[in-house]
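In what follows, a single structure is set out as structure tokens and then discussed.
What follows draws every value from the coordinates through simple rules; no lab data is involved. Quick caveat, the model's predicted, so the values are computed rather than measured. Please note: Cβ atoms are built from the backbone with ideal geometry, for glycine as well, and neighbour counts cover all protein chains shown.
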Amino acid sequence: MSLLILGLVLFLGVHSVRIVADGWRTRMRERLGEGRWKGLYSLLSFAGLILIVGGYGLARQDPVVLWAPPVAMRHAASLLTLAAFILLAAAYIPRNALKARLHHPMVLAVKVWALAHLLSNGNLADVLLFGGFLLWAVLDFRAARLRDRAQGTSYPSGTLAGTAMAVVLGLGAWAVFAFWGHALLIGVSPLGR
């Protein structure tokens with residue numbers, strides 16, 4: 001469990017610098033240069049991710065069960081992750097109504113993904129992993145919205161084509177991951193197949 005916790009602290013810590021120390025982040029980027037800052041950020045993020053994956057894998061071998069979620073939560077999680085995939089696609093598709101309205105769909109995708117997994121999993125490692133990401137996403141979304149207001153950030157209005165593309169790509173990515181990818185990468189079929 002300690003590897004998982006260390007990975008979460010490192011990964012989420014690096015991703016929280018802008019939440020808790022935006023001025024320091026700006027000064028460090030100027031001091032190190034954009035390339036070196038991004039390199040260091042990426043290296044620390046990757047190290048944290050490796051620790052999370054390894055620590056979570058180890059924790060799954062000897063799970064500490066906190067509760068047994070009802071089967072209905074798997075169905076709820078499937079619907080929530082569908083929404084998360086659509087939000088994730090909306091982060092990258094230009095001029096879609098989801099991004100125009102929500103402004104930070106990727107962070108919202110993390111929120112929804114984490115909540116879905118908290119509902120459908122009841123082990124201590126799950127609570128640490130998905131609870132950590134949910135807490136981070138809540139704080140990051142709040143900080144991003146405050147920055148937007150302070151800077152007067154505006155987002156282009158969405159078009160029907162951009163919105164439809166985000167929904168279709170999100171739905172397609174969700175289907176691939178739900179039916180094949182999750183079992184292949186995680187070893188668990190979320191649809192119980």
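Quick notes
- FRET E, pair Arg149, Glu34, Förster distance 30 Å, beta-carbon r, rounded to 0.05: 0.70
- Packing-based exposure ordering (other Cβ within 10 Å, fewest first) of Leu139, Leu43, Leu129: Leu43, Leu139, Leu129
- Gaussian network model of the chain, Cα within-10 Å springs - most flexible of Asp148, Asp126, Asp140: Asp148
- Rounded if a/c under 1.5, otherwise prolate or oblate - the stretch 81-157, Cα gyration tensor axes: oblate
- Average 1/r across all pairs of distinct alpha carbons in the stretch 14-151, invert it, and you get the Kirkwood radius: 16.9 Å.
- Just so you know, the Cα atoms of the stretch 1-62 work out to an Rg and Dmax of 13.7, 45 Å.
- With helices as the sole contributors, the chain gives -26000 deg cm²/dmol at 222 nm; each DSSP H run of n ≥ 4 counts as -39500 (n - 2.57), and the sum is divided by every residue.
- Label-zone membership for the stretch 120-142, site Arg60, 7 angstrom Cα→C-beta point, backbone N under 14 Å: 121-127, 129-130
- Sequence-distant contacts, meaning Cα pairs under 8 Å at least 6 residues apart, place the relative contact order of the chain at 26 percent.
- For the chain, the Cβ-based charge dipole about the Cα centre amounts to some 540 debye (Lys, Arg positive; Asp, Glu negative; other atoms uncharged).
- For the stretch 1-62: relative contact order, % (alpha-carbon pairs under 8 angstrom, 6 or more apart): 66
- Ranking of Lys111, Lys99 by count of other Cβ atoms within 10 Å, fewest first: Lys111, Lys99
- Net charge of neighbours whose Cβ lies under 15 Å from the Cβ of Gly33, counting Lys and Arg as +1 and Asp and Glu as -1: +4
- When the chymotrypsin sites (Phe, Trp or Tyr not before Pro) in the stretch 1-70 are filtered for DSSP coil states and for at most 14 other beta-carbon atoms within 10 Å of their beta-carbon, the remaining sites are Trp67.
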